[in-house]
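As structure tokens, the structure follows; a few thoughts come after it.
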Amino acid sequence: MSENRDIGERLLDFSAGVIKLVHEMQPSATARKIEDQLVRSAMSAGSNYEEGRGAGSRADFCNKLQISLK
């Protein structure tokens with residue numbers, strides 16, 4: 001993995017990796033809940049980052065990235 005890749009691309013790859021991991025989990029009611037939360041969490045970081053890129057000001061951008069880090 002190249003360290004020079006855009007963070008947006010890296011977040012997308014991270015989300016894809018989590019989805020692949022989730023497909024390998026053993027099926028159960030508990031696993032399903034964990035899978036759902038993992039996928040939502042993994043995808044929200046990328047979504048928040050991309051939304052931050054469209055921010056109108058530097059302060060708004062920083063605020064949206066702070067949300068992404070949570």
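The values are calculated or read from the model by the stated rules, or taken from the named source; none is laboratory data. Predicted model only: the values in this text are computed from it and were never measured. Heads up, the Cβs are rebuilt from the backbone with ideal geometry, glycines too, and the neighbour counts pull from every protein chain shown. Accessible surface is based on the protein model in full, side chains and every heavy atom, while ligands, DNA and RNA are left aside. Shrake-Rupley method; radii C 1.70, N 1.55, O 1.52, S 1.80 Å.
Figures for the structure shown
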item	result
Accessible-area order (highest first, 1.4 angstrom probe) of the listed residues SER28, SER15	SER28, SER15
ILE19 accessible area, assembled protein chains, probe 1.4 Å, Å²	60
Karplus-derived 3J(HN,Hα), 6.51/-1.76/1.60, for each residue of segment 39-45, Hz, glycine and proline x	5, 4, 5, 5, 6, 5, 4
FRET E, pair ASP60, ARG5, Förster distance 25 Å, beta-carbon r, rounded to 0.05	0.50
Estimated vicinal HN-Hα couplings, Hz - segment 62-68 in sequence order (Karplus 6.51, -1.76, 1.60; Gly, Pro = x)	4, 4, 5, 5, 4, 5, 4
Crossing angle, helix 7-23 versus the chain [Cα axis fit, 0-90 degrees, rounded to tens]	10
FRET efficiency, 1/(1 + (r/R0)^6) with R0 25 Å, evaluated for LYS70 and HIS23 via beta carbons	0.45
Packing-based order for 35-47, 55-67, using average beta carbon neighbours within 10 Å, highest first	35-47, 55-67
Two-site label geometry, ARG53 and PHE14: point separation in nm, points 7 Å out along Cα→Cβ	1.4
Cα pair count fraction exceeding 21 Å, expressed as % - the chain	37
